[in-house]
Structures are given as C-alpha cells and as structure tokens.
Amino acid sequence: MALYWCTECMPLAVTALLPVVLFPMMGIMQAGEVSIEYLKDSNMLFIGGLLVAIAVEKWELHKRIALRVLLLVGVRPSLLMMGFMIVSSLLSMWMSNTATVAMMLPIAKAVLQQLKATETRAETRDFQTAADNHAFELEAKQTRDETMDEKQSDYSELEHECSPEILHESRMRAMDAKYVLLTKGLSLSVCYSASIGGTLTLTGTTPNLILKGQLDKLFPTNGDVINFASWFGYSLPNALILLVFTYFWLQFVFLGFNLKESFGCCEKNDRDKDATQVIREEYSKLGPMKFAEGAVLTIFALLVLLWFTREPGFIDGWATVLFNMEGPYVSDGTIAILMSMLFFVVPSQLPSFKGYGFDEKGKMVKAPPALLNWQLVSERMPWHIILLLGGGFALAAGSEVSGLSMWLGESLAPLQSIPPYAIALLLSLLVATFTECSSNTATTTLFLPIVASMAITIKINPLYVMLPVTMASALAFMLPVATPPNAIAFSFGNLKVLDMVKTGFMLNIVGILTINLGINTWGYAMFDLGTFPEWANVTHQP
C-alpha cells in the first residue's frame, strides 16, 4: 500500500480499499472488523467540516470576506501580499487548501492586471508630457552642448542615453520585471499561507484528522487529549511564527525592502485608487448581504463556538457536564454533523409572514430551497478522501492485530540511546522530505503508526513524535507536485521550479525548527510531553 500510494499506480482511494480484500484472505482480520474501520468518528468530523465548506462556497461568503479584508489593508505591494496571506490562512482553516487557492488567485490576477494597467497609463502620460515639454528639450540641448565642449567624442553616446524614448522603454521593461516578480511572490504567498492556515484546525487539512483518528485507535483511553480546542491552542503559535517568517521571506526575495514604495501607508496615488476601485467593484457585484449568507455565517459561528467550548481543557466543557460524565459520548464529530444538518433544514430565503399557500392564479407557492441540497453535496464532496482516511485506519488496525506494529517498535528500540529532541528533529526532516514527493495524507498514514509503536517501545510520550510528524507533513513548499495548491500557484504565477525550490527550502528549514520549538516549549507544557502517560501503556498482542 505504501508503494502504491507513493507511485499512484492506482488511485489513492482504490489502494485504500486493499485491506478489505487482503486482510480477510490472509487471516489477519475478519471482514466485518476491517470494514468498520472505514467510517470512524474522525471521518464524521471530516464530513461535517466539508459540509460547512460547501455551504460557504455555494453562497460566496468566502469571497465577501476576502474582498472586504483586501479593501481594509490596501493595494500597495507589501500590504496586498499581507492581505492575501491573512485571508488565505483564515479561509483554509475551514475550507480545503485547494479551494482556497483556486478562489484567491483569480482575485489576485484581477488586482495585479489593474495595478499594471494604471501604472502603464501613468508612465505613458509622463512620457508624452516630457516629450512635449520645450523646457525639457532646451535643458537636454544645453546639457549636450556643455558636454560636447568637455568631451566631443562621447556626444552621440550621451544623446542616446538622454533620449526620452530610450528612457521610457527602460522604465517599461523595469515595470514589467517588477510585476513578474510581484505575480510570483503573490502566487506563492497565497499558496504557502493556505497550507500553513490548514494546520490551525483539526478539519483544516487531512493529516490533522489522521492524527486524531490514529491516536484514538491506537490509544483508546487517551482521554480525548487531542480535540478541536487543544489542537488549535497548540498549532496557533507555530502557524503565526511560520506565517510571519513567510511574509518577510517572500518580501525579501520578490519585493525587496523599499518600505516607502512597498507599504506607502500614508500616501495614495491614482494607481492605488484605480486598483482599489477594482476590488470595490468586485465587492459591489456581490450586493448586500443575503439572508442565506447570514444564515451560513450564523451556523458556522455556532459550530466554532461549540467546538471550542466542548472540552476546553482548563475547565469542564458543556459536553462533559451534560453528556460525557460516564464516557466520551459526544465528540467533535457529533457537533459537526449536528450543525451541518441544519444546512438542509434552514431555508435560503427569509420566510414570508403570509406563509406558503396559493397565489392569485391558484398555483401553489413552493417553499424556498434549503441552504444545501444533497445533489450539490454529492457532486462536491471528496468521497475519495473519506475512503483514504478509512484505509489508513484499517492499515493501522491490521498492523496492530498482526503484531507488525510491535515488531517495528522493537526494531527501532536502539533509538532509545538518542535524546528525544533529536528523534523528533530527525523525524521532522524525514517527513518534510518525504512529503515533497508524496501526498501529505499518505505520508502521515504511513508514518504515524510506526512512530507510535516506537514511542511505546522506548517509553516516550507518543505525542512527542506524532505531533512533529503530522505538522511536518504540511511543509510541502518546494515542488509543484507536492500539493494541489502548489500546482495551481505554479501554473498561475508563471513560476519556475527553481523559484519554488529557492523559497520553499528556507521555509522548510524554518518550519522544522518551529515545529521542534513548539513541542519543546508550549506543546511540552500543554500535553505534558516529558512523561510517559498512563494511556500509552498498552501491550500489542499478535
């Protein structure tokens, strides 16, 4: 399965179904036991999160948020990059990274085209004004005469250099080069910030859910140590550090550090006003906020609030008080499904006070459609990812039942002589390299059961190695084939592979250092990573 996932000789979802056939035929697990692994609680959390994302996309709530933020931050190059990074990271917390990038890059393209068009018009206007200015011609002639007295032989060269046409052409070439770099920088900023933003929530990217599912599968008594609130609290500092570094690194590589030109917070010229007008026109096309958008936003806000307060950690959450006194009955997946079901109930238009009945012609008036319908969901739901998640859980279960996990853990026992921080650093480097050539989903699916078994064998907290493996799988910044967002940005921004390697390599290094900083500081305190927990003290029976 690892070989098939890495080479993609069969679709990933089809490969994920192999345990259904092979485990029963090899006498490892019964068919019913294997099949039940394909729809665990983590899959329900994933489905609920995707239903929210589909509703947000259908009613273009994400576009309204994006354009509004861009109007607030401004259109100067550095401010524009900052605005796109903020919006992309916020949206990718709740939507798929691919959908976020696919939505943001066309907006970036329209803004860049307007910026270039207005600057071209301004440059042409300045050139025509200079060409018609007699004082300019007199000054140029006087300069040539004085220079000819000093050095007659350089007269023709100086005249060529002082030509307004040549000067105009050189400025146009410089402007084209500037916008090529700006396009590259903006494309990569959207792509990278979407990948980083996806690490902030459990539903933001698939590896996070794989960690949650594998942890619950391998350590059933872990006490829900990884939930929506605890994951957000752990990943927020890591994402903020990486986002800030990404911003300044892309600024340095593609825009330079001319603060007056790049930021220009206190001055606005006609070019900035024209570009702002483009964004304002796009925003006005959306019209006033509709009832459907407000309903989606309300359900979404309630979902996030319930997620954060279910089991915050420092106090008993509402789920603990109401439902979970005798066991973990209510999970994040329960809340996700409950709230997403409302999309199929709440109408997309404000109900009429007159109710629904018959019009003047005796024709029945139909009720307004709901916020979502199943046809739309079935078209946009990535069912293959659900099978892929299930295949990973089935593979982990088979490894545990067959004794493979125990054998792998014992094989890695010599690592006990290495300090834990060095093990975490080496695993981060290995996974960050591996994920550049394979999907981050396949990478985490393969590595998490192995490192969990290793942690049990050498008696360290499993989270101390599982967290860096999961986070490092998101560091796919160097190659266009690493993730779909990378491929979209590569085609949009006219990037070369060297451009992505040059910028992505540094981000990978900083990302690995940040991940290891996190598990040895705030993560160490949050999850008590310095001790071997009681819930990890399990014995695998072959």
Among the residues of segment 486-493, is any surrounded by fewer than 20 Cβ atoms within 10 Å (Cβ to Cβ) and in contact with a Pro (Cβ under 7 Å, 6 or more places away or on another chain)?
yes
Could you tell me which residue of segment 177-194 is nearest to residue 501 (Cα to Cα), considering only residues that are touching a helix residue (DSSP H, G or I) at 6+ places or on another chain (Cβ under 8 Å) and open to solvent by 10 Å² or more (accessible area, probe 1.4 Å)?
184
Name the single residue that is farthest from the chain's Cα centre (by Cα) among those in segment 196-225 being surrounded by 24 or more Cβ atoms within 10 Å (Cβ to Cβ) and among the small types (Gly, Ala, Ser).
213
Out of the residues in segment 386-406 that are open to solvent by 30 Å² or more (accessible area, probe 1.4 Å) and under 29 Å from the mean Cα position of the chain (by Cα), state the one that is nearest to residue 22 (Cα to Cα).
395
Could you figure out which of (1) at pLDDT below 90; (2) exposed (fewer than 15 other Cβ atoms within 10 Å of the Cβ) isn't true of residue 26?
(1)
Just one of 475, 479, 495, 513 is modelled with pLDDT under 90, over 25 Å from residue 385 (Cβ atoms), under 21 Å from the mean Cα position of the chain (by Cα) and not β-branched (Val, Ile, Thr); which is it?
495
The condition of being under 18 Å from residue 340 (Cα atoms) and of a type outside the set (S, T, N, Q) holds, among 33, 57, 37, only for 57
What single numbered condition from (1) at pLDDT 85 or above; (2) over 30 Å from residue 229 (Cα atoms) fails to hold for residue 367?
(1)
Taking segment 300-336 and keeping residues farther than 24 Å from residue 93 by Cα and in a helix (DSSP H, G or I) leaves 320, 321, 322
Would you check which residues across segment 370-384 are more than 15 Å from residue 52 (Cβ to Cβ) and either open to solvent by less than 70 Å² (accessible area, probe 1.4 Å) or not in a helix (DSSP H, G or I) (or both) and list them?
373, 378
Check residue 39 against each of (1) at pLDDT 80 or above; (2) crowded, with 20+ Cβ neighbours inside 10 Å and name the one condition it does not meet.
(2)
Which condition does residue 7 not pass, out of (1) at pLDDT 85 or above; (2) open to solvent by 30 Å² or more (accessible area, probe 1.4 Å); (3) polar (S, T, N, Q), if it passes all the others?
(1)
Of all residues in segment 500-542, which are open to solvent by 20 Å² or more (accessible area, probe 1.4 Å) and within 17 Å of residue 436 (Cβ to Cβ)?
501, 502, 505, 506, 509, 510
Of the residues 508, 486, which is in a helix (DSSP H, G or I) and either at pLDDT 90 or above or more than 20 Å from residue 184 (Cβ to Cβ) (or both)?
508
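The values are calculated or read from the model by the stated rules, or taken from the named source; none is laboratory data. Everything quoted here is computed from the prediction, not taken from an experiment. Glycine also receives a Cβ, built like all others from the backbone with ideal geometry; neighbour counts cover every protein chain displayed. For the accessible areas, the whole protein counts, side chains as well, though only heavy atoms, and no ligand, DNA or RNA atoms are used. Shrake-Rupley method; radii C 1.70, N 1.55, O 1.52, S 1.80 Å.
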